[in-house]
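One structure below.
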Amino acid sequence: MSASLPTDLARQLGDDVVYNDAEVLDAHRHDYWVLAHLDDLEGRGAPRPLCVVRPRTVDHVVACVNACRNAGVAIVPAGLRSGVCGGVEAHPERVLLDLSSLDRTRGIDSHNLLGAFDAGKRGIDAEREVEARGLTIGHWPQSIAVSSVGGWVATRASGQFSTANGNIEDIVHTIEAVLADGSTITAGKAPRAAAGPDLRHLLLGSEGTLGIITGVTLALRRKAEAQDYSAYTVPNLTTGFEFQRELVQSGWTPPVMRQYDAVEAQRSFAAHAKPDAGILILVHEGPATRVAAEVTATDALARRCGLGGVDTRAVTDWLDHRNTVPHWRAFLDKRIVVDTAEISASWDRIGAIYDAVIASLNEVPEILNASAHSSHVYRTGLNLYFSFAVRPRDAAEMRVRYLDCWRRIVMATADHGGSIAHHHGIGRLRRDYLELDLGATGVEALRAVKRALDPNDLFNPGVLIPAAAGHPADA
Ligand SMILES: Cc1cc2nc3c(=O)[nH]c(=O)nc-3n(C[C@H](O)[C@H](O)[C@H](O)COP(=O)(O)OP(=O)(O)OC[C@H]3O[C@@H](n4cnc5c(N)ncnc54)[C@H](O)[C@@H]3O)c2cc1C
């Protein structure tokens, strides 16, 4: 059935929606997962998809879902393919559904503070349109210029201003999605409801496995009246964590609180860092009187905790350059494999996780870097964002070392009671570790939901949900 599907789809949807040319197929083979780039470099990259379908309307999505279901051909949904966990990987027998042209703004409502977008809308474009009306989404993933609003929902993304503004699950108001039977579901219609389980949470973090997200309405904010900054040197990690805990548990909510260990302080804040000390930067935002009060309270607490003051240009420099990062290939070409891994835990566990992960990474042969910073803070705990870099003498070992580093981070985190994924999602990278977070019963419940909503595994096989015992893992 699959051989004729591209032609059938093109007849139904048009040649400007269905693509078969090699250039487009090649460009859509995978997302931004390091391993996909390494595999390309080593000549075993992902194959081309059967075809690329680029819908411009929800009706196009429905037609594609129905045609694929009838033909028994699976769909790999893709936003802007900035995902870093292998959530988008092409397969010669699967349709790649590229949602990037489903990108209209459906409406911006300045009274109720709601912005409605097609799912493929580029994040920065949505933000700029909202900003033109004096508003903001307030969701600033580092990838805002290369990710879609639908992708944010599908991966449970976090933005750099999350400590005050929340993560995507706190910002999303309505999610519209096409299910595997071709029906459309709209979840969320009011600021809050007690009408049974919140079905938005079925789609948040579903990574393309339960439905095709076609529309997202986000709760907006007025742009802040004032912004100010604080920055400190931190003698050791524990002191910085205790300072952050005390600040947020006292009721202050600087949207940005980022604490870097000594290695990262030297690397990213050389002009401001002290040897062997970490650095902590904060952005305060909101009504001017609250911002002033928060800066005063922050400074007083910092003095009590023994933190040293740093020029706030450390913060404004970070703000100016925060989304500039080198491409993985810049490292891979030098035979260095790098990645970042984000986890989270309660305040009483996070220090032990840091120590265990860094110690374990430092046992990896030819490791060049093992470091971390925290960047998303909650009353109950915070995240850690580990970075590692390895340059094996034998370049053929890069893949093995990469997976070993990940295994060490995940296992040390789980052993000490943390969550193995704070905001990048699961994809293929962490799929087989999912039970560490959800437990065996939780994974089985997720499989049951998948079977109920998508009995023929039409949507994104092989992603997020580990294969049941006795079943071969999908590619
Ligand atoms: C440089 C860089 C910085 C990053 N910084 C951050 C950050 O600060 N915070 C953060 O949270 N993430 C970050 N990421 C990761 C990534 O940008 C996010 O996961 C983002 O939400 C993915 O959006 P996307 O549109 O690119 O989705 P894709 O990569 O295309 O897809 C991601 C997953 O969602 C599914 N999916 C996408 N769209 C849909 C849809 N409409 N319907 C159903 N399923 C869908 C895909 O099948 C896939 O499983 C970063 C990535 C890069 C490369």
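The values are calculated or read from the model by the stated rules, or taken from the named source; none is laboratory data. All values derive from a computational prediction rather than experimental measurement. Here Cβ is always computed from backbone atoms with ideal geometry, including for glycine, and neighbour counts include all displayed protein chains.
One table, with the values for the structure above:
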quantity: Single match in Glu435, Glu444, Glu363 (criterion: acidic (Asp, Glu), at pLDDT 95 or above and more than 30 Å from Ile212 (Cβ to Cβ)); calculated: Glu363
quantity: Leading residue by the ranking (surrounded by the most Cβ atoms within 10 Å (Cβ to Cβ)) among those in segment 110-122 that are in a strand (DSSP E or B) and within 16 Å of the ligand (Cβ to nearest atom); calculated: Phe117
quantity: Matching entry among Leu446, Leu438 (being in a helix (DSSP H, G or I), touching a helix residue (DSSP H, G or I) at 6+ places or on another chain (Cβ under 8 Å), within 23 Å of Asp348 (Cα to Cα) and not assigned by TED's automatic domain parsing to the domain that holds Leu35); calculated: Leu438
quantity: Test result for Glu264, assigned to a strand (DSSP E or B), modelled with pLDDT of 95 or more and within 29 Å of Ser371 (Cα to Cα); calculated: no
quantity: Residue ID - surrounded by the most Cβ atoms within 10 Å (Cβ to Cβ), chosen from residues in segment 146-186 that are more than 9 Å from the ligand (Cβ to nearest atom) and among the aliphatic types (A, V, I, L, M); calculated: Ile175
quantity: Residue ranges of helices (runs of 4 or more DSSP H) in segment 1-109 with at least 3 members in contact with a Phe, Trp or Tyr (Cβ under 8 Å, 6 or more places away or on another chain); calculated: 34-41
quantity: Residue among Leu210, Leu202 that is surrounded by fewer than 22 Cβ atoms within 10 Å (Cβ to Cβ) and either farther than 27 Å from Trp152 by Cα or not acidic (Asp, Glu) (or both); calculated: Leu202
quantity: Residue in segment 308-320 that is closer than 26 Å to Tyr32 by Cα and in contact with a Cys (Cβ under 7 Å, 6 or more places away or on another chain) present; calculated: no
quantity: Scan of segment 328-356 for residues that are part of a helix (DSSP H, G or I) and acidic (Asp, Glu), ordered by number; calculated: Asp348, Asp355
quantity: Count of residues meeting criterion [within 9 Å of the ligand (Cβ to nearest atom) and either farther than 18 Å from Gly425 by Cα or hydrophobic (A, V, I, L, M, F, W, C) (or both)] in segment 76-91; calculated: 6
